[in-house]
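Undergrad: There's a structure below that I have some questions on.
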Amino acid sequence: MSAVPRLFLFSSLAAIAAVAAHAGVPPASGWSIHPALAARVGYDDNVFLQNHAAILPGVTGAVPDHAGSWVARASVALEATWRLSPAFQFDASYSPESVRYEAFPSENHDNHRVDLGVRGRAGAWSHQFKASLLLVDGSENSPVFGHAGGGPAIGGVAVRSRRDQVNTKLGGHLTRALDGGFIRAVGDACVNDFQTRQLTTAIVPGYANYVDRSEWSAGVEAGRYVRKGFALVAGVRGGEQRQTDLLGVPPNYSNTLTRFLAGVEGKPRGDLTLRILGGPDLRRYGNAVAPGFDRSRTARYIEASATWTPRAADTVTFTGKDYLWLSAGGRCAYQHTSGNVQWKHTFTREWSAAFTADVQAGDSRDYGTSPGSRLDWIYTGTLNITRSLGTNTKLDLELTREWSDSAIAGTPGREYTHWLVSAGIRRTF
């Protein structure tokens, strides 16, 4: 999008937000509209997630090591809700965001996010379905990484996310309450459409190619309450993962899956909410895998979340997932394990703080071919301090420290340290 249309878009949405704020947006026919404006500025000391190391022979145009830059973000959000009855509520939002890097115009990009959802409850039935679309208008050229081992840990998601792409997510459930339990139909889908150019590394050594990938699954879960609000759960899902060929040449690791799950969900006590499901994934891979690869395999799958509120001023949340995913770099699958814990504390009506610790691991040793196999770790700590200026305006200061580690020797391109500090303001109407 050129500068003039982009300026017109943001000016128009800002004007709509101002008019809506002035008018008060009284609900009509069940509709309510909530505009918001936000801005953020900060400094990123390692934009390309590359520590200092020797450049491999023959690599030209590699991204710089420990490259720092000021970063500015500006966004507008329009959220709308239509509540027809307790059985049907429709939510929609559109949020364009402009991101600019002072030192590296190649990393400038615009994000366009659309979120849609329906939910409701009628008698013993309840439902919730969500859809989100993220369009990133960025560079169509991928970065060139010049160190041994290739790009940053687990593919350098932060760098990849600034490139041309469209990401789509769908998910939902339909639940029927029963005496002493429930039965629920569930489904979800995720599609990554990377729109960067693919170039052979024989011509452009170190070039980071990205391939499209997708997953869908659907199934049924049943729960039995062992105490009020807390249930044992079992379920089964079927689905498929698809990975396109890199440069049109196999192998790829597209597969079908059958997933068996067991776990718990609900409130075992008043201040704690849990959801833990886990079990085996039975995988069957297609004919395009690498020679000698066992096409019938079992992988582990775990999804978990918890919220603990020991007192009114404190909330501790945890989310975790351990699953097999297809590499965005192509020709590989990997076990992706992640865990995130956040503690949020409210000091007063005006002041609050949150500390977040996150760890991720990507292990492709059972699926990749040497020397491309990986066992990468990423550790992240974030401190956020928020000041409320009334009910509609918030200021915040955020400090993030991130570092990575590769368990495979001689791969400095995968290891980095990263600081990011930023301040932001958000105004809702």
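Undergrad: Return the only residue of T309, T386 being farther than 30 Å from S217 by Cα, modelled with pLDDT of 95 or more and either under 17 Å from the mean Cα position of the chain (by Cα) or crowded, with 18+ Cβ neighbours inside 10 Å (or both).
TA: Result of the check over T309, T386: T386.
Undergrad: Right, here's the next one. Please indicate, with yes or no, whether at least one residue in the range 336-344 is within 26 Å of G206 (Cα to Cα), at pLDDT 95 or above and either surrounded by 15 or more Cβ atoms within 10 Å (Cβ to Cβ) or of a type in the set (A, V, I, L, M, F, W, C) (or both).
TA: Yes, some residue in the range 336-344 is within 26 Å of G206 (Cα to Cα), at pLDDT 95 or above and either surrounded by 15 or more Cβ atoms within 10 Å (Cβ to Cβ) or of a type in the set (A, V, I, L, M, F, W, C) (or both).
Undergrad: Still on this structure, please answer the following. Only one residue in L116, L56 is touching a residue at least 60 places away in the same chain (Cβ under 8 Å) and open to solvent by 60 Å² or more (accessible area, probe 1.4 Å), so which one is that?
TA: Only one candidate qualifies: L56.
Undergrad: Restricting to the range 32-53, what's the tally of residues that are part of a strand (DSSP E or B) and either among the hydroxyl-bearing types (S, T, Y) or open to solvent by 40 Å² or more (accessible area, probe 1.4 Å) (or both)?
TA: 8
Undergrad: Counting only residues that are open to solvent by less than 30 Å² (accessible area, probe 1.4 Å) and touching a residue at least 60 places away in the same chain (Cβ under 8 Å), how many does the range 134-147 have?
TA: The number of residues fulfilling the criteria is 6.
Undergrad: Moving on to the next point. Does A231 count as open to solvent by 30 Å² or more (accessible area, probe 1.4 Å), part of a strand (DSSP E or B) and of a type in the set (G, A, S)?
TA: It is false that A231 is open to solvent by 30 Å² or more (accessible area, probe 1.4 Å), part of a strand (DSSP E or B) and of a type in the set (G, A, S).
Undergrad: Provide a single number: the residues in the range 119-133 that are within 30 Å of P105 (Cβ to Cβ) and open to solvent by 30 Å² or more (accessible area, probe 1.4 Å).
TA: 1
Undergrad: Can you name the residue in the range 61-105 that is free of Cβ contacts under 8 Å to residues at least 60 places away in the same chain and of a type in the set (S, T, Y) and, of all such residues, is farthest from T200 (Cα to Cα)?
TA: Only one residue tops the list, namely S85.
Undergrad: Report yes if R295 is open to solvent by 60 Å² or more (accessible area, probe 1.4 Å) and either closer than 30 Å to T196 by Cα or in contact with a strand residue (DSSP E or B) (Cβ under 6 Å, 6 or more places away or on another chain) (or both), otherwise no.
TA: When the stated conditions are applied, R295 passes them.
Undergrad: Say we look at the range 65-80 and pick out the residues that are touching a Phe, Trp or Tyr at 6+ places or on another chain (Cβ under 7 Å) and not aliphatic (A, V, I, L, M); which of these is surrounded by the most Cβ atoms within 10 Å (Cβ to Cβ)?
TA: It comes out as S69.
Undergrad: Name the residues in the range 345-360 that are surrounded by fewer than 17 Cβ atoms within 10 Å (Cβ to Cβ), among the hydrophobic types (A, V, I, L, M, F, W, C) and closer than 23 Å to T380 by Cβ, would you?
TA: A353, F355, A357, V359
Undergrad: Quick test for you: out of L199, L170, L178, L174, pick the one residue that is within 17 Å of R242 (Cα to Cα), of a type in the set (A, V, I, L, M, F, W, C) and open to solvent by 30 Å² or more (accessible area, probe 1.4 Å).
TA: Exactly one residue qualifies, and that residue is L170.
The values are calculated or read from the model by the stated rules, or taken from the named source; none is laboratory data. This is a predicted model, so every value here is computed, not measured. A quick note on method: Cβ atoms are made from the backbone with ideal geometry, for glycine too, and the neighbour counts reach across all protein chains shown. What goes into the accessible areas is simple: the full protein's heavy atoms, side chains included, and nothing from ligands, DNA or RNA. Shrake-Rupley method; radii C 1.70, N 1.55, O 1.52, S 1.80 Å.
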